[in-house]
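Peer 1: This is the structure I want to talk about, given as structure tokens.
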Amino acid sequence: MKLLALLALLASTLVPTQAAFKVLAFYNGTWDAAHISFVKEANPWFQRTAAENGFTYESTNNWNRLTGDLSQYKVVMFLDDHPQNSAQRNGFQRYMDNGGAWFGFHVAAFTQNANEWPWYHNTFLGSGNFVNNTWGPTTAVLRTSQHPSTMRLPQTYTSSVSEWYGWANDLRRNPNIQILASIDRYPVGTDPNQTWRGGFHPIMWTNRNYRMLYANFGHNAMDYEHNVPKSSTFASEIQNRFIIDGLLWLGKR
Ligand SMILES: [Zn+2]
């Protein structure tokens with residue numbers, strides 16, 4: 001074999017060809033400063049990651065696009081909210097029921113009235129109502145389970161800084177849910193009145209009946225007075241592997 005042909009063959013095996021797919025991310029970027037900070041860093045980070053991994057990334061704050069034809073997008077993401085009216089909600093459910101894929105972060109699952117959209121909060125996410133959170137924002141040591149999205153993660157790793165949410169429903173008792181990471185070490189939090197000292201807190205999970213991933217991170221520590229972020233959600237290189245591998249898994253349906 002000629003050297004050039006050999007090199008070409010090597011290059012083709014070293015750089016796996018990813019089928020190009022499109023990701024559409026929805027965001028509001030209006031509330032609160034910690035979530036806005038995450039959106040501001042997420043948009044360029046995903047743009048760059050898309051270019052490096054052979055997919056395209058587009059983001060919009062027009063949630064009405066959920067009512068239109070989303071079939072060209074393999075993955076839809078909710079960065080800092082979920083749809084608020086029934087036309088948008090029905091559009092999203094239709095997209096998922098037709099084989100769409102979804103990646104949601106932090107506030108995307110937040111609700112104190114799960115019955116307002118039971119399919120999303122109780123069936124799809126499974127988590128139901130938000131019940132409490134840690135404060136202030138901190139890293140957490142997470143224990144992972146085996147899944148295509150966690151294959152490059154060690155059994156335990158230290159997350160990026162976030163506020164963490166607790167939920168009404170015990171996802172361990174839901175046979176449709178696979179928990180991909182949960183808090184491994186306590187306490188978590190710095191305010192004694194908003195610190196978790198034990199229990200079970202899932203952080204990343206998937207619903208086996210859908211092509212979906214949810215991750216509870218997506219809240220940066222803030223200097224609220226000066227509106228300056230004190231942490232980055234993308235500061236954990238290990239955690240970033242989950243985001244990338246998760247997106248590639250979702251995009252390869
Ligand atoms: Zn938050």
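Peer 1: Quick check on the range 79-93: of everything there that is open to solvent by 30 Å² or more (accessible area, probe 1.4 Å) and in a helix (DSSP H, G or I), which residue is nearest to residue 124 (Cα to Cα)?
Peer 2: Result: 93.
Peer 1: Can you name the number of the only condition in (1) open to solvent by less than 60 Å² (accessible area, probe 1.4 Å); (2) at pLDDT 95 or above; (3) more than 16 Å from the ligand (Cβ to nearest atom) that residue 39 fails?
Peer 2: (3)
Peer 1: Could you please let me know if residue 185 is touching a residue at least 12 places away in the same chain (Cβ under 8 Å), away from the ligand (no atom under 15 Å from the Cβ), among the charged types (D, E, K, R) and touching a strand residue (DSSP E or B) at 6+ places or on another chain (Cβ under 9 Å)?
Peer 2: yes
Peer 1: Every residue in the range 117-138 that is part of a loop (DSSP other than H, G, I, E, B) and of a type in the set (S, T, N, Q), please.
Peer 2: 127, 129, 134
Peer 1: Restricting the search to the range 201-217, which residues are of a type outside the set (Lys, Arg) and under 20 Å from residue 251 (Cβ atoms)?
Peer 2: Hits for the range 201-217 are 204, 205, 206, 207, 209, 210, 212, 213, 214, 215.
Peer 1: Further question on the same structure: Here is a list: 233, 190, 144. Which entry is open to solvent by 60 Å² or more (accessible area, probe 1.4 Å) and under 29 Å from residue 40 (Cβ atoms)?
Peer 2: 190
Peer 1: Residues being part of a loop (DSSP other than H, G, I, E, B) and either of a type in the set (Gly, Ala, Ser) or within 13 Å of residue 38 (Cβ to Cβ) (or both): count how many of those fall in the range 215-247.
Peer 2: Counting residues in the range 215-247 that are part of a loop (DSSP other than H, G, I, E, B) and either of a type in the set (Gly, Ala, Ser) or within 13 Å of residue 38 (Cβ to Cβ) (or both) gives 13.
Peer 1: Please determine, by comparing only the residues of the range 51-76 that are in a loop (DSSP other than H, G, I, E, B) and either open to solvent by 20 Å² or more (accessible area, probe 1.4 Å) or among the small types (Gly, Ala, Ser) (or both), which one is nearest to residue 214 (Cα to Cα).
Peer 2: 74
Peer 1: What residue, among those in the range 94-116 that are in a helix (DSSP H, G or I) and of a type in the set (A, V, I, L, M), is farthest from the ligand (Cβ to nearest atom)?
Peer 2: Per the criteria, the residue is 96.
Peer 1: Name the single residue, out of those in the range 168-182 being in contact (Cβ under 8 Å) with a residue 40 or more places away in the chain and in contact with a strand residue (DSSP E or B) (Cβ under 6 Å, 6 or more places away or on another chain), that is farthest from residue 202 (Cα to Cα).
Peer 2: Looking at residues that are in contact (Cβ under 8 Å) with a residue 40 or more places away in the chain and in contact with a strand residue (DSSP E or B) (Cβ under 6 Å, 6 or more places away or on another chain), I get 176.
The values are calculated or read from the model by the stated rules, or taken from the named source; none is laboratory data. The shown structure was predicted, so the numbers you read here are calculated from the model rather than taken from an experiment. Neighbour counts are summed over all protein chains in view; Cβ atoms, including those assigned to glycine, are modelled from backbone coordinates with ideal geometry. SASA here: full protein model, heavy atoms, side chains in, ligands and nucleic acids out. Shrake-Rupley method; radii C 1.70, N 1.55, O 1.52, S 1.80 Å.
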